[in-house]
Amino acid sequence: MTDLVEQDVAAVTPSPAPATAPKSRLRSEAFARRLRARHAAERRFRLAGAAAVALAALILVLLLGSIVAKGASAFLEARIRLEVTLDPAEVADRNYAALLRRALYAQFPQVTDRAGKRVLNDLLSSGAPYELEAMVAKDPALVGTTQTVWVRADDQIDQLVKGGYRRDLPEGERGLSDAKVAATDALLASGALAQGFNTTLFTAGDSREPEQAGIGGAIVGSLLTLLVTMALSVPVGIAAAVYLEEFAPKNRWTDLIEVNINNLAAVPSIIFGLLGLAVFLGFFGMPRSAPLVGGLVMALMTLPVIIIASRVALKAVPSSIRQAALGIGASPLQTVLHHVLPLAMPGILTGTIIGMARALGETAPLLMIGMVAFIVDIPHGLTDSATVLPVQIYMWADSPERAFTERTSAAILILLGVLILLNGAAVILRKIFERRW
């Protein structure tokens, strides 16, 4: 009887094993699905990141390619070969334009009418007589002789040689007369018109004539401005960083100073230009468009960047260096000057170079203090009127002449090259002097 009861109980009692296996299998399948979904999300994220990097690289390549394509031709200039007889009477009257015209007419004996000669006159740059005058002034013994000279061509002829004008367009739509095109082709066929390296681009100042315009004045102005900026911002910035990091007490005033320094580093640069306009020009009466004022404004803008970078470099020096120096009897000042500061100098130098590179590329503050003026002469001092390379690019980009487009791109390439060199120097210096503690 007992055996029959036990068999009945066993028959109605469910077995746990068959229910456990499906639950375990369901949990394993759910975990596998979540794992696959996580891996798929990771792959999508990697693809999105790679696509973003590729898109950014493509845009950068297109931008640089467009600038190079437009600006590469600016490093060449068209020049016309002439056999000039330096008549003493004409040289005495400084009538060098007549000497050049006479030599040019000799290459086109078939042109006798006034309109045709006017077309030939337009082939030469308006600065060509000054080139001839400078050659005679350099060697007066040339007077009375016949010399082969290469003088600068007009900007329209220069652009025609470089392919800036479409020859298949009608004369009215081309912007260049058929007579000038025919005269240019004749000079090219005879070898009297050729292209050479454009030294004027690097040695001359600004000009209303594109073929005579250069960035020499802007480069000198940028160097003078950076000289003032570096002389003011570097020592003051490093000294402020050393004091705040090593000697200043930690209280509400130093906290307020630190907050203000961080905020100043994020202030738009044009605000510093307004400050310079109100203080340096309005209150102190300093000369407008001078590298001295530009350097002062750039120093105010660069100072917070140098302070922050210097403090980060000082913090990176291990405290054990300070403790060891103090332990052997060095004073706090000796500890900083002889031990901490030399070890932090690579980082400080890197931050300084990056700050100078930022100052070199700024335009808005300098526009506010008048460094957008048309400056023909190359400055020779800190108080001379000058402009800087970014402002020169801004002015050329606003010019309607076709030839200024290539000069704008060429100036951008030069500015980018300098900025890349400065940032590259910062990276190399950090790699060379970097220490791991």
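The values are calculated or read from the model by the stated rules, or taken from the named source; none is laboratory data. Computed from a prediction, not measured in an experiment: that's the story for all the values here. Reconstructed Cβ throughout: ideal geometry from the backbone, glycine too, with neighbour counts over all protein chains shown. When the accessible area is computed, the model is the full protein with side chains, heavy atoms only, and any ligands, DNA or RNA have been set aside. Shrake-Rupley method; radii C 1.70, N 1.55, O 1.52, S 1.80 Å.
Residues that are among the charged types (D, E, K, R) and farther than 13 Å from residue 311 by Cα were ranked within the stretch 213-260; the one that is most open to solvent (accessible area, probe 1.4 Å) is 252. Going through (1) of a type outside the set (S, T, N, Q); (2) in contact with a helix residue (DSSP H, G or I) (Cβ under 9 Å, 6 or more places away or on another chain); (3) more than 30 Å from residue 406 (Cβ to Cβ); (4) in a helix (DSSP H, G or I) one by one, residue 89 falls short only on (2).
Report the residue count in the stretch 97-120 for those that are in a helix (DSSP H, G or I) and open to solvent by 50 Å² or more (accessible area, probe 1.4 Å).
Within the stretch 97-120, the first condition is being in a helix (DSSP H, G or I), and the residues that meet it are 97-106, 114-120.
Checking the rest, the ones that are also open to solvent by 50 Å² or more (accessible area, probe 1.4 Å) come to 101-102, 105-106, 114-115, 117-118.
Of the residues in the stretch 97-120, 8 are in a helix (DSSP H, G or I) and open to solvent by 50 Å² or more (accessible area, probe 1.4 Å).
Test of understanding: among 371, 395, 356, which residue is hydrophobic (A, V, I, L, M, F, W, C) and modelled with pLDDT under 85? Steps first, please.
Working: 395 fails: modelled with pLDDT under 85; 356 fails: modelled with pLDDT under 85.
Being hydrophobic (A, V, I, L, M, F, W, C) and modelled with pLDDT under 85 holds for just one of 371, 395, 356, which is 371.
Taken over the stretch 356-374, the residue count meeting the criterion of being surrounded by fewer than 22 Cβ atoms within 10 Å (Cβ to Cβ) and either outside any helix (DSSP H, G or I) or of a type in the set (Val, Ile, Thr) (or both) is 6. Here residue 288 meets the list (1) of a type in the set (D, E, K, R); (2) at pLDDT 90 or above; (3) in a loop (DSSP other than H, G, I, E, B) almost entirely, failing just condition (2).
The number of residues in the stretch 125-174 being more than 17 Å from residue 94 (Cα to Cα) and in a helix (DSSP H, G or I) comes to 11. Within the stretch 318-346, residues that are closer than 22 Å to residue 431 by Cα and in a helix (DSSP H, G or I) reach partners that are of a type in the set (Lys, Arg) and open to solvent by less than 70 Å² (accessible area, probe 1.4 Å) with beta carbons closer than 8 Å, at six or more positions or on different chains, in the pairs 339/322; 340/322.
Residues of the stretch 98-126 that are without any contact (Cβ under 8 Å) to a residue 40 or more places away in the chain and within 25 Å of residue 407 (Cβ to Cβ): 121 alone.
Looking for something under 19 Å from residue 82 (Cβ atoms), in contact with a helix residue (DSSP H, G or I) (Cβ under 6 Å, 6 or more places away or on another chain), free of Cβ contacts under 8 Å to residues at least 60 places away in the same chain and open to solvent by less than 50 Å² (accessible area, probe 1.4 Å) - is there at least one such residue anywhere in the stretch 186-193? Full working, then the answer.
Going residue by residue through the stretch 186-193, those that are under 19 Å from residue 82 (Cβ atoms) are 186-193.
From the residues that got through so far, the ones that are in contact with a helix residue (DSSP H, G or I) (Cβ under 6 Å, 6 or more places away or on another chain) too are 193.
From the residues that got through so far, the ones that are free of Cβ contacts under 8 Å to residues at least 60 places away in the same chain too are none.
No; the residues of the stretch 186-193 include none that is under 19 Å from residue 82 (Cβ atoms), in contact with a helix residue (DSSP H, G or I) (Cβ under 6 Å, 6 or more places away or on another chain), free of Cβ contacts under 8 Å to residues at least 60 places away in the same chain and open to solvent by less than 50 Å² (accessible area, probe 1.4 Å).
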